[in-house]
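Below is one structure, written out as structure tokens; comments come after it.
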Amino acid sequence: MNDMIRIQPTRGRRIDFARWAVAQRPKVDTVSLHEFGVPARLFVDMPEDILIGALVDGHRYVSPAEDAALGRPEPGAVLGESGPEAIIPLDPPDQVPQDVEQPGPTALPGAATPEVPETPATPDSGQSDRSDSTPDMADGGGKSSCDVCQRTFTTPRGRDAHRRQVHPEA
């Protein structure tokens with residue numbers, strides 16, 4: 001298990017971070033030109049002012065003070081509830097400013113869906129989702145049929161895959 005946390009402080013806080021790092025016993029080492037490897041046990045006691053805006057294991061550090069200033073709830077607390085099942089209510093429509101144009105839905109729930117073909121395309125059927133009807137250059141442009149069961153395919157490749165899978169004895 002890796003107990004080192006990689007921290008890349010912001011340019012303006014790099015010197016303060018380095019001062020803190022060399023004051024630790026043992027010293028906190030650098031792991032690259034701009035990153036420090038901080039033991040996990042030291043991370044929890046670090047001064048927050050040197051972490052603000054830093055990248056911590058590749059993620060931007062967000063301080064609780066920044067959350068409070070932006071009006072975001074504390075981590076784990078959503079409107080007095082906690083846990084993954086907490087529901088965040090949306091603003092009711094009457095609180096949306098009237099001068100803001102609201103985009104409408106592209107499809108209403110319960111609207112008709114596109115029809116599905118009776119026989120879905122399978123890898124061996126040679127059917128594809130392509131909307132163009134031009135045949136592949138390699139297949140010569142004609143339809144191919146299985147010589148065992150007479151099933152037709154749009155490409156020789158589909159026919160050959162069908163033969164290998166359905167008629168291995170042939």
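The values are calculated or read from the model by the stated rules, or taken from the named source; none is laboratory data. Predicted model only: the values in this text are computed from it and were never measured. All Cβ positions, even for glycine, are placed from backbone atoms using ideal geometry, and neighbour counts span all protein chains on display.
Below, the figures for the structure above:
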{"item": "Asp3 being within 19 Å of His59 (Cβ to Cβ), at pLDDT below 85 and loosely packed, with under 15 Cβ neighbours inside 10 Å", "result": "yes"}
{"item": "Residues satisfying the stated conditions in segment 1-59, i.e. in a loop (DSSP other than H, G, I, E, B), closer than 29 Å to Ala69 by Cα and without any contact (Cβ under 8 Å) to a residue 12 or more places away in the chain", "result": "Val44, Asp45"}
{"item": "Scan of segment 14-50 for residues that are in contact with a Ser or Thr (Cβ under 6 Å, 6 or more places away or on another chain) and of a type outside the set (D, E, K, R), ordered by number", "result": "Phe36"}
